[in-house]
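Worksheet: one structure, shown below.
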Amino acid sequence: SIMSGIFIVGAKRTPFGAFGGTIKSLTATQLGVVSTQAALAGVPLDAVDHVIFGNVIASSADAAYLARHVGLKSGCNISTPAVTINRLCGSGFESIVQGANLIQLGQASIAVCGGTENMSQAPLVSYSARWGSPLGKGVELEDALWSGLTDSYAGTPMGITAENLAKKYDITREECDEYAIQSQQRWAAAHEAGIFEPELAPVETKKKTLTQDEHPRPESTVEKISKLPPVFGGVVTAANASGICDGAGTLVLASEEAVNKYDLTPLARLVSHATTGCDPTIMGIGPVDAIREATKDLDAPVDRVEINEAFAAQVLACAKELELEDYNIHGGAIALGHPLGASGSRIAAHLVHDFAQNEANKINVGAACIGGGQGIAVVLERV
């Protein structure tokens, strides 16, 4: 879907907190408010026409109201509608797609688009306790987080989908571990160079203020992580898979008319997007078709590609299929972590700010695989 005249005028994310870490006590809604307030700086709140927020795990009492509460708590008008969406790991990207569609249809001129997740607050649940439990059984609790990582239709845990890709594309454990350490080292180099500063919105808690990503372990080595046992008997380990984390991200989309009317500063233009389906048992290959579809009508070469690192084996498979030489140049979810609904927003915000840091780049592409067998991609252009 080729866009015309849709611009990103704000792009911020929180630092990603480690599982059970500094921001574990803040709800997904609260994290979404932090990134949204930061992204809306310089944008008239009265001009916001719609709020779209992605979230995967209903991890707090107000989860059903999430997008609406993010909008209201960020200062948007009572009259500004909101919707919470769930395209699993593609939810952050999907919010951008939905916002762009509203603008194209003339139903909005400015849309707040984001994703948020607090995986630390994922609940333990019982689906039967309400109606009582049999004598001698008691109440059995299920981990909503762990259960959500298995596709019941395909009967396949997400980690097994990565193992399937490793077999299909002849990817070894050694390659996965080397890639994981590369992700950690690239994050460390980018962090040291201040690359992430323009996209970050610090998160204040009662005990401290989180100003940088909490999950990365740049001190790790291939030698250390090679000793970890495989989780599924193959190549996937805790070190070469994405981190379980908490965080949020927000992008503000505006029509060309809104940019001129409110004297907004465009950071990038949304060129196109695509969402595709694939075999659920190899869901990690989803970004391949999505990227191909989103870029097929471009009249300029792609300068930079970011693919969400659900698993090292998964992103390596995508790179082989797409014949990519370099990608995820500042590290990815293996280092930063993957708060499910927020990762698309993080990647998009990062690519938006890349244009100010790399003058040679004209076209950036962000993509993610999606549990259940889908892929999503967005194409951004320098303005």
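Restrict the check to region 233-243 and report whether at least one residue is in contact with a strand residue (DSSP E or B) (Cβ under 9 Å, 6 or more places away or on another chain) and surrounded by fewer than 23 Cβ atoms within 10 Å (Cβ to Cβ).
Within region 233-243, not a single residue is in contact with a strand residue (DSSP E or B) (Cβ under 9 Å, 6 or more places away or on another chain) and surrounded by fewer than 23 Cβ atoms within 10 Å (Cβ to Cβ).
Applying the selection to region 339-370, what residues are open to solvent by less than 10 Å² (accessible area, probe 1.4 Å) and either without any contact (Cβ under 8 Å) to a residue 40 or more places away in the chain or not in a helix (DSSP H, G or I) (or both)?
Correct list: Pro339, Ile363, Asn364, Val365, Gly366, Ala367, Ala368, Cys369, Ile370.
Inside region 244-267, can you point out the residues that are among the acidic types (Asp, Glu) and crowded, with 24+ Cβ neighbours inside 10 Å?
Selection gives Asp246 alone.
Would you please name the residue that is nearest to Pro339 (Cα to Cα), looking only at residues in region 68-93 that are touching a residue at least 40 places away in the same chain (Cβ under 8 Å) and charged (D, E, K, R)?
Per the stated criteria, the residue is Arg87.
From Asp279, Asp297, which residue is under 23 Å from Thr150 (Cβ atoms) and open to solvent by 60 Å² or more (accessible area, probe 1.4 Å)?
Being under 23 Å from Thr150 (Cβ atoms) and open to solvent by 60 Å² or more (accessible area, probe 1.4 Å) holds for just one of Asp279, Asp297, which is Asp279.
Suppose we filter region 127-142 for residues that are in contact (Cβ under 8 Å) with a residue 12 or more places away in the chain and in a loop (DSSP other than H, G, I, E, B); how many remain?
Total meeting the criteria: 5.
For region 330-374, give me the residue count where each residue is within 20 Å of Ala18 (Cα to Cα) and among the basic types (Lys, Arg).
Looking only at that region, the number is 1.
What's the number of the condition Glu214 fails, among (1) in a loop (DSSP other than H, G, I, E, B); (2) out of contact with any strand residue (DSSP E or B) (no Cβ under 6 Å at 6 or more places or on another chain); (3) among the charged types (D, E, K, R); (4) under 29 Å from Val34 (Cβ atoms)?
Exception for Glu214: condition (2).
On the given criteria, is Leu124 open to solvent by 10 Å² or more (accessible area, probe 1.4 Å), of a type in the set (A, V, I, L, M, F, W, C) and either in contact (Cβ under 8 Å) with a residue 60 or more places away in the chain or more than 17 Å from Ala258 (Cβ to Cβ) (or both)?
yes
I'm trying to understand the selection: among the residues of region 320-337, which are touching a Phe, Trp or Tyr at 6+ places or on another chain (Cβ under 9 Å) and open to solvent by 10 Å² or more (accessible area, probe 1.4 Å)?
Within region 320-337, Lys320, Glu321, His330 qualify.
List pairs: first residue in region 31-57 and in contact (Cβ under 8 Å) with a residue 40 or more places away in the chain, second residue assigned to a loop (DSSP other than H, G, I, E, B) and open to solvent by 30 Å² or more (accessible area, probe 1.4 Å) anywhere in the structure, Cβ distance under 6 angstrom, at least six positions apart or on different chains.
Sorted first by the residue in region 31-57, then by its partner, the pairs are Pro44/Tyr262; Ala47/Tyr262; Asp49/Ser109; His50/Pro81; Val56/Asn86.
The values are calculated or read from the model by the stated rules, or taken from the named source; none is laboratory data. This is a predicted model, so every value here is computed, not measured. As a convention, Cβ positions derive from the backbone with ideal geometry for all residues, glycine included, and neighbour counts pool all protein chains shown. Surface accessibility is based on the protein's heavy atoms, side chains included, excluding ligands, DNA and RNA. Shrake-Rupley method; radii C 1.70, N 1.55, O 1.52, S 1.80 Å.
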